[in-house]
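> Take a look at the following structure, please.
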Amino acid sequence: MTPLVFGQITIDWPLAVHSFWPILQGGLIYTIPLTIISFVFGLTLAMVLAIMRLSKVKFIQTIARIYISIIRGTPLLVQLAIIFYGLPDLTIEVSPFVGAVIALSMNVGGYAAETIRASILSVPKGQWEAGYTIGMNDAQVMRRIILPQAARVSIPPLSNEFISLVKDTSLASTITVTELFRRAQEITATSYDFLLLYSEAALIYWIFCFVLSIIQGRIESRLDRYVTTH
Amino acid sequence: MLLEAKGIQKSYGENQILKGIDLTLEEGKVLVIIGPSGSGKTTLLRSLNLLEIPEQGTLELDGDRIDYSRRLTKREIQNMRRKSAMVFQSHNLFPHKTVLENVVEGPIIVQKINREQAVKEAQQILNDVGLSDYQDHYPFQLSGGQQQRVGIARAVALKPKLLLFDEPTSALDPELVSDVLKVMKDLAAKGWTMVVVTHELKFAADVADKVLFVDQGTVLEEGTPEEVFQHPQHERTRQFLSKVLKQI
């Protein structure tokens, strides 16, 4: 193939084709697992934090409030650096991937906690009372009556957080995880074709997020089956 | 006596809603509580199911007794609460569960009855309230009257000692009221013990064994429907009755 020329810009098609697979591979091996694992841990943490925030015990509320405040008030990049470069000073060493999972999970936990808390509060008080009157205890009402309804409300904001997380995993490149973006960086080190390679990386992120938004729509319409007829 | 409440007092801040109310009810009887809005009748009813905890008073229900002025444990509250079941004004059905799932939820999850038997009993109850064709519908697909009948079925499925109704027809379109009242009449005829807060005086006259007129947190009249409706002792009662009857 001969290079296509647009004014000053030349697209190196062979490089575009050859680099596509290694970059995508970084996405498949690291970006996607990192996203999914961090999201699962993050949501679990968020659920605990949300319930702590709703606790009647002031002390428990405060712990959760402080945690959320710190996570939301500091850059993810700094959180990653503390976990990966800082913890070894306390003789806790983790691999880059595990470090990234820890930092991203903690971050998702802080953000998603407020989303989950708000969605729990959005379920009418009458639902709690109806649960109590059929003899349920707090935990049963929460699990069987409140959370399923809260889930419906929280899917759109949680999906946004999931999509943000896909993109935030690119920060793991700074702690040497060879995920999607770092693969592109590595190739630029020899080819110097920044525009092409970073655009390719951007394209792959966009494809991932596009697919996710389609899945989000499917989940939403499934959870809407008890409020609409479509 | 199946039910005996004594000296029930409840305040919200400065505002005393219930000022020492007594009530008793024998098994198999129907008690109707009437009164102007804000009189405390709903709070009184909710106290019987411990959705409100009064500051003072005692409640005896089916052989168990609690003193509201003591700090009650969750277990005590739950134990007492399970003796009765509430039908709410706004039905409070579980929107994410089908009609059948709404009705079997309590029996299966709380009472640990096996699913097959719970479903069989629920289907029978749904048949009794005229909703056997709707068991797989979601609440939003039903009319207000149908939703309320599911609410009643959900309460009945628990086989409580006492059924509580909090203005079950007040939120309904007029033409849907009679279906719900008919279901309630059937339950009374079958011998269920019921406490009903309502503005339906005709229902009270037809079904109640006893009527309580509550005004400003106290019981002003107590007696058979005939006594309360035909020979009220207080001017307040007469005023209330004439006002409500004028609406009809």
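The values are calculated or read from the model by the stated rules, or taken from the named source; none is laboratory data. Note that the structure is a prediction, hence the values are computed from the model and not measured. FYI the Cβ positions are ideal-geometry reconstructions off the backbone, even for glycines, and counts take in every protein chain you see. We work out accessible area using only protein heavy atoms, side chains counted, and drop any ligands, DNA or RNA first. Shrake-Rupley method; radii C 1.70, N 1.55, O 1.52, S 1.80 Å.
> Pick from A:GLY110, A:GLY131, A:GLY27: which is most flexible by mean-square fluctuation in a GNM of chain A where alpha carbon atoms under 10 Å apart are linked?
A:GLY131
> Let me ask you something else. Top to bottom by accessible area (1.4 Å), largest first, where do A:SER170, A:SER19, B:SER90, B:SER37 land?
B:SER37, B:SER90, A:SER170, A:SER19
> In the protein assembly as shown, what percentage of the DSSP-assigned beta bridges are antiparallel, given to the nearest 5?
Of all bridge pairs located within the protein assembly as shown, approximately 60 percent are antiparallel.
> With only alpha-carbon atoms in the gyration tensor, what are the semi-axes of the equivalent ellipsoid for the protein assembly as shown, in Å, largest first?
Gyration-tensor ellipsoid for the protein assembly as shown: 62, 25, 18 Å.
> Same structure, new question: Quick one: how many Å² of B:HIS234 are accessible to a 1.4 Å probe, rounded to 10?
Accessible surface of B:HIS234 is approximately 70 Å².
> Further, regarding this structure: Quick one: ranking B:MET1, A:MET47 by accessible area, 1.4 Å probe, largest first, what do you get?
B:MET1, A:MET47
> Let me ask another. From the phi angles alone, apply the Karplus equation (6.51, -1.76, 1.60; θ = phi - 60°) to segment A:141-157 and give each ³J(HN,Hα) in whole Hz, x where the residue is Gly or Pro.
4, 4, 6, 9, 10, 7, 4, x, 7, 5, 4, 4, 5, 8, 4, x, x
> Next up: Can you compute 3J(HN,Hα) from phi for each residue in segment A:120-125, using the Karplus curve 6.51 cos²θ - 1.76 cosθ + 1.60 with θ = phi - 60°, rounded to whole Hz and x for Gly and Pro?
Those phi angles translate into 5, 5, 6, 6, x, 4 Hz.
> Give the value in nm², to one decimal: projected area of the alpha carbon convex hull of segment B:57-162, averaged over all directions.
7.5
> What FRET efficiency, computed as 1/(1 + (r/R0)^6) with R0 = 30 Å and r the Cβ-Cβ distance, is obtained for A:LEU15 and A:ILE207, rounded to the nearest 0.05?
So the FRET efficiency works out to roughly 0.95.
> Ordering B:ILE8, A:ILE155 by accessible area with a probe of 1.4 Å, largest first, what comes out?
If we order B:ILE8, A:ILE155 from most to least accessible, we get A:ILE155, B:ILE8.
> ³J(HN,Hα) across segment B:60-71 via Karplus (A = 6.51, B = -1.76, C = 1.60, θ = phi - 60°), whole Hz, x for Gly/Pro?
10, 9, 6, x, 9, 9, 10, 10, 4, 6, 7, 7
> Turning to a different aspect of this structure: Would you mind checking segment B:206-224 for residues with the amide N under 14 Å from a putative spin-label position 7 Å along Cα→C-beta of B:LYS19?
B:214-221
> Around B:ILE21, which amide H atoms from residues at least 5 apart in sequence, or from another chain, sit under 5 Å from its own amide H, with H modelled in the peptide plane?
Those lying under 5 Å, H to H, from B:ILE21 are B:GLY7, B:ILE8, B:GLN9.
> Can you pull out the chymotrypsin sites (Phe, Trp or Tyr not before Pro) in segment A:106-210 whose DSSP state is coil and whose Cβ has at most 11 other Cβ atoms within 10 Å?
Here the sparse-neighbourhood loop sites are A:TYR192.
> While we're on this one: Considering the zone a paramagnetic label at A:SER55 would reach in this model (a point 7 Å from Cα along the Cα-to-Cβ line), which residues of segment A:135-172 have amide N under 16 Å from it?
Once the point is set 7 Å along Cα→Cβ of A:SER55, A:139 turn out to lie under 16 Å by backbone N, inside segment A:135-172.
> Give the Cα extents of chain B along the principal axes, in whole Å, largest first.
52, 44, 32
> Using modelled amide H (1.01 Å from N, peptide plane; none on Pro or chain starts), what sits under 5 Å from the amide H of B:GLN16, excluding residues fewer than 5 places away?
Those lying under 5 Å, H to H, from B:GLN16: there are none.
> Grab the DSSP H runs of chain A that are 4 residues or longer, score each as -39,500 (n - 2.57), total them, divide by all residues and round the 222 nm result to the nearest 500 deg cm²/dmol.
-23000 deg cm²/dmol
> Calculate how steeply helix A:13-26 sits against the longest principal axis of the alpha-carbon atoms of chain A, using the helix alpha-carbon long axis, and give the answer as 0 to 90 degrees to the nearest 10.
Here the helix axis deviates by roughly 30 degrees.
> Rank B:LEU201, B:LEU162, B:LEU72 by mean-square fluctuation in a GNM of chain B with C-alpha springs under 10 angstrom and give only the top-ranked residue.
Ranking B:LEU201, B:LEU162, B:LEU72 by mean-square fluctuation puts B:LEU72 first.
> Moving on to the next point. Take every DSSP beta bridge whose two residues both sit in chain B, then give the antiparallel share in percent to the nearest 5.
Just about 60 percent of them are antiparallel.
> Provide the net charge surrounding A:CYS209, with neighbours chosen by a C-beta distance below 14 Å and charges set as Lys +1, Arg +1, Asp -1, Glu -1.
That sum, taken over residues with Cβ under 14 Å, equals -1.
> Please report the orientation-averaged projected area of segment B:196-248, defined via the convex hull of its C-alpha atoms, in nm².
3.4
> Report, in order of residue number, the helices in chain B meeting two criteria: a C-alpha extent of 20 Å or more along the helix axis, and a mean Kyte-Doolittle hydropathy of at least -1.0; treat each whole DSSP H run as one helix.
B:174-189
> Only Lys, Arg, Asp and Glu count, each charged at its Cβ (+1, +1, -1, -1), so figure out the dipole size of segment A:4-229 about its Cα centre, rounded to 20 debye.
Dipole magnitude for segment A:4-229 comes out near 1080 debye.
> Just to verify a number: what accessible area does A:ILE51 come out at with the full protein assembly present, 1.4 Å probe, Å² rounded to tens?
Here the residue's solvent-accessible area equals roughly 80 Å².
> Positive end of the dipole of segment A:133-199, charges at C-beta (+1 Lys, Arg; -1 Asp, Glu), about the Cα centre: which of A:ILE175, A:TYR192, A:GLN149 has its Cα farthest in that direction?
The listed residue farthest towards the positive side: A:GLN149.
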